[in-house]
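Single-structure report; data block below.
The values are calculated or read from the model by the stated rules, or taken from the named source; none is laboratory data. Because the structure is predicted, anything quoted here is derived from the model rather than measured. Don't worry about glycine lacking a Cβ; one is built from the backbone with ideal geometry, like all the others, and counts go over all protein chains shown. Surface areas here come from the heavy atoms of the whole protein model, side chains and all, with no ligands, DNA or RNA. Shrake-Rupley method; radii C 1.70, N 1.55, O 1.52, S 1.80 Å.
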Amino acid sequence: MIMSGRGWGKTRTGAEWIRERVQAGYRRIGLIAKTPADARDIMIEGESGILACIPKEERPTYETTKRRLTWKNGAVALAFSSHEPDHLRGVQFDTVWVDELATYEYARETWETMRFALRLSDDPRCLVTTTPKPMAIIKEIIKEEGTVLTTGSSYDNQANLTPQFFDQILSRYENTRIGRQEIHAELLDEAEGSLWKRDWIENTRVG
């Protein structure tokens, strides 16, 4: 799990990891975003997405209508969205990239359905790239045996971001609660002055 601030480079890291897995011989890949548009516009076609990171001679064929990327070596990546977790039934993967899990409306359903599908090869792996939110599923993944957590601040990638981003955005939210979450990637448990604890709500949800 990469849990970092805005502009840290989560998307680029995810795309490069997919490229690395394909080069290592993994062939069945799942790409999961909040919406179908996010999978297309950010993970695949985005400025830091898969197609932008891969040299032309290695670049996979992208079939938009089939939500599918196909590499010359036979590797195939299929795109899914959290709006329809059941679409992950019946498929199986050796590699999965889950982007911005903390924004999913059906985060737990998507995560658990994906886990059943991640069953190919001797080394199936999942990468989660997300800005943190105090959700039970995020906390559970962090604590799970086998999870490797990488964290980082927006400032870590300052050399590759425009000065305007720091002057107009980061400086405005520095030393605020939203800045701690969105810039410094702190997993904040409770809202300031809240009368209700998040754990009370999460533990009493109706399925």
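Quick check on my filter: what residues within region 134-174 are within 19 Å of TRP8 (Cβ to Cβ), open to solvent by 80 Å² or more (accessible area, probe 1.4 Å) and part of a loop (DSSP other than H, G, I, E, B)?
The one that is within 19 Å of TRP8 (Cβ to Cβ), open to solvent by 80 Å² or more (accessible area, probe 1.4 Å) and part of a loop (DSSP other than H, G, I, E, B): VAL148.
Residues ARG177, ARG115: which one is of a type in the set (Lys, Arg), open to solvent by 60 Å² or more (accessible area, probe 1.4 Å) and either touching a helix residue (DSSP H, G or I) at 6+ places or on another chain (Cβ under 9 Å) or closer than 30 Å to VAL22 by Cβ (or both)?
Going through ARG177, ARG115 in turn, the sole match is ARG115.
Does region 163-175 contain any residue that is under 23 Å from THR151 (Cα atoms), at pLDDT 80 or above and among the polar types (S, T, N, Q)?
no
Applying the selection to region 118-133, what residues are open to solvent by 40 Å² or more (accessible area, probe 1.4 Å) and of a type outside the set (A, V, I, L, M, F, W, C)?
Once the filter is applied, which keeps residues that are open to solvent by 40 Å² or more (accessible area, probe 1.4 Å) and of a type outside the set (A, V, I, L, M, F, W, C), region 118-133 yields ARG119, SER121, ASP122, ASP123, PRO124, ARG125, LYS133.
Quick one: which strands (runs of 3 or more DSSP E) sit completely within region 12-84 and have at least 3 residues that are touching a residue at least 12 places away in the same chain (Cβ under 8 Å) and either open to solvent by less than 50 Å² (accessible area, probe 1.4 Å) or in contact with a Gly (Cβ under 6 Å, 6 or more places away or on another chain) (or both)?
Values: elements: 28-33, 61-63, 68-70, 76-81.
Here the list reads 28-33, 76-81.
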